[in-house]
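S.K.: Let me give you the structure first, and then I'll get to my questions.
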Amino acid sequence: GFSVDANWDKASQSINIGNVAVSGVDLGSFSLASVIGNATEQLFDVDPNVQQAAGFGVTVKSITLNAKDDGLGDMLVPMLAQQQGVSDPAAFRTQMAGMAEGAALQMLGSTDAARALGVAVGNFISGKAKTLSINIAAKDPSGIAVPALMSASNDPTALASAVDITGSNPAQ
C-alpha cells in the first residue's frame, strides 16, 4: 500500500509533506515527512526555467524517516550475504550493523547524538529492533538550501554542522 499527504502553504511559503509512505504485507513499511521552506509561487510556474530557478531557492527545514521491518530484513540479508560470498547471514548482518554504526560517527563526529543514531541504525540493521526513526532538523530556522544539499552528496560531513540528527528505535 501507499499514501501521500502534502500541501503548499502560500502564506508561509512552505510545503508540508505530512506523509509519503509505502508498506508491504509481511515486509514492512517506510514513511517520510518533511517541511520545505522558501517554496514561492514561482515553484509552480508554467515555465520550466522559472520552476527550476525557484527550485534552487527552496530549503529543507526538517525530515523525519520511519521504518518498520516486518520480515524484509530476514529475506534480504541471506541474499546479500550470498552475493558477498558470506556463508553465515547472521554474522553478515552483525557486520553490516557495525559498519552502519561506524558510518554515523564518521559522518557526524563523535557526539552523543551521532552515537545514538549509530546505535539505532545498527539495532535496526542487526534485527535487534524492528523500528527505526530518524529526525533531521536544520539548525538554521530558514532551512538548508538545495545547493548545499547537492554539494553534500560529495561530502556528507559538510551537513554535520548544519543539522541536528537524532535516531531511535521506538517501541512497536
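S.K.: From the list Thr111, Thr64, Thr94, exactly one residue is closer than 21 Å to Leu132 by Cα and open to solvent by 80 Å² or more (accessible area, probe 1.4 Å). Which is it?
M.R.: Thr94
S.K.: Just need a number here: residues in the stretch 116-157 that are free of Cβ contacts under 8 Å to residues at least 60 places away in the same chain, under 23 Å from Gly98 (Cα atoms), of a type in the set (A, V, I, L, M) and open to solvent by 40 Å² or more (accessible area, probe 1.4 Å).
M.R.: 3
S.K.: Could you list, in sequence order, all residues of the stretch 92-122 that are in contact with a strand residue (DSSP E or B) (Cβ under 8 Å, 6 or more places away or on another chain) and not small (Gly, Ala, Ser)?
M.R.: Leu108, Leu117, Val119, Val121
S.K.: Oh, and also: Within the stretch 39-61, can you find the residues that are closer than 13 Å to Ala145 by Cα and either open to solvent by less than 70 Å² (accessible area, probe 1.4 Å) or outside any loop (DSSP other than H, G, I, E, B) (or both)?
M.R.: Ala39, Ala53, Ala54, Gly55, Gly57, Val58, Thr59, Val60, Lys61
S.K.: While we're here: So Ser12 clears everything in (1) buried (at least 18 other Cβ atoms within 10 Å of the Cβ); (2) closer than 22 Å to Ala138 by Cα except one condition, right? Which one?
M.R.: Among (1) buried (at least 18 other Cβ atoms within 10 Å of the Cβ); (2) closer than 22 Å to Ala138 by Cα, Ser12 violates only (1).
S.K.: Take Ser168 and decide whether it is of a type outside the set (Asp, Glu), in contact with a Lys or Arg (Cβ under 6 Å, 6 or more places away or on another chain) and in contact (Cβ under 8 Å) with a residue 24 or more places away in the chain.
M.R.: In short, no.
S.K.: Sticking with this one: Considering only the stretch 62-101, state which residues are of a type in the set (Ser, Thr, Tyr) and within 30 Å of Ala148 (Cα to Cα).
M.R.: Listed by number, the residues that qualify are Ser62, Thr64.
The values are calculated or read from the model by the stated rules, or taken from the named source; none is laboratory data. All values derive from a computational prediction rather than experimental measurement. Heads up, the Cβs are rebuilt from the backbone with ideal geometry, glycines too, and the neighbour counts pull from every protein chain shown. Side chains included, ligands, DNA and RNA excluded: accessible areas come from the protein's heavy atoms. Shrake-Rupley method; radii C 1.70, N 1.55, O 1.52, S 1.80 Å.
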